[in-house]
Amino acid sequence: MAGQIIILNGAPRSGKSSIARAIQESFDGAWMNLGVDSYEQITPPRLRPGIGLRPGGERPDLEDFVRHFYAALYESIAAHSRLGLNVVTDVGHHDAYSKPLGILADCARRLAGLPVLFVGVRCPIEVIMERRAASEPGRAYVIASPGDPVPSPVRLWQEEVHKPGTYDLNVDTSLLSPQDCAGAIERRLTGAPQPSAFQTLAQLPIGGQ
């Protein structure tokens, strides 16, 4: 039997990693965490932030690599699932590159036939800014300044990461703890109807295809 896949999609500091840890700690079975942070560790430094490349088209020289990185990540997710391992993945999908790449639709197609729950991890931008300011040193998060309370990169993440907004479930981490979010995800997995967001997203065109 294929392992369950949970994709957590949201902006940086929205709480995805904390939810992933809560799932690993509380769900039955083996849950592997394959996401943006773990993938960064295997990405050559000169090609980082890799799949964490933020919206705005700032590094078109990296975009073809990013497309292949995402493809490889999702093929790995599929391989784990087919071997019966459950996977939780925290990512920040967007299509605001120098040109549309259709990465999300391509990723959805790579998981065809596998059980996928696609979760939108939402958080108000005011809370995002507070979390960025409180982040541990060395993470290099863009933070507010007196003349720029919401820097453009942060605003772009907030605007782009939830397009087109097709999810099986949405959670708001300003209202729910990571454990509460994990509980909501577990209830959705056992409820009706069956998750179908990735089936819908797989039908979207990729580069005119």
Within the chain, which whole H helices from DSSP have a Cα span along their axis of at least 20 Å and a mean Kyte-Doolittle hydropathy of -1.0 or more, if any?
60-82
With springs only between Cα atoms under 10 Å, which of ALA192, ALA182, ALA112 fluctuates most in a Gaussian network model of the chain?
ALA192
Just how large is the dipole of the stretch 31-128 about the Cα centre, in debye to the nearest 20, putting +1 at every Lys and Arg Cβ and -1 at every Asp and Glu Cβ?
180 debye
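Based on the Cα coordinates of the chain, what is the per residue volume of their convex hull in Å³?
Expressed per residue, the convex hull around the Cα atoms of the chain is 123 Å³.
Accessible area of the stretch 15-124 with a 1.4 Å probe: how many percent of it is carbon plus sulfur?
52 percent
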The chain, accessible area per residue, ligands and nucleic acids excluded (1.4 Å, Å²):
49 Å²
Summed residue charge, Cβ within 12 Å of ARG46's Cβ, Lys/Arg positive, Asp/Glu negative
+1
Would you please give the FRET efficiency between ASP37 and ILE206, computed as 1/(1 + (r/R0)^6) with r the Cβ-Cβ distance and R0 = 25 Å, to the nearest 0.05?
0.45
Whenever you get a sec, line up THR190, THR43, THR166 from highest to lowest accessible area (probe 1.4 Å, protein heavy atoms).
THR190, THR166, THR43
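The values are calculated or read from the model by the stated rules, or taken from the named source; none is laboratory data. Small disclaimer: the values here were computed from a predicted structure and weren't measured. Neighbour counts run over all protein chains shown; Cβ positions are idealised from the backbone, glycine included. These accessible areas exclude ligands, DNA and RNA; they are computed on the full protein's heavy atoms, side chains included. Shrake-Rupley method; radii C 1.70, N 1.55, O 1.52, S 1.80 Å.
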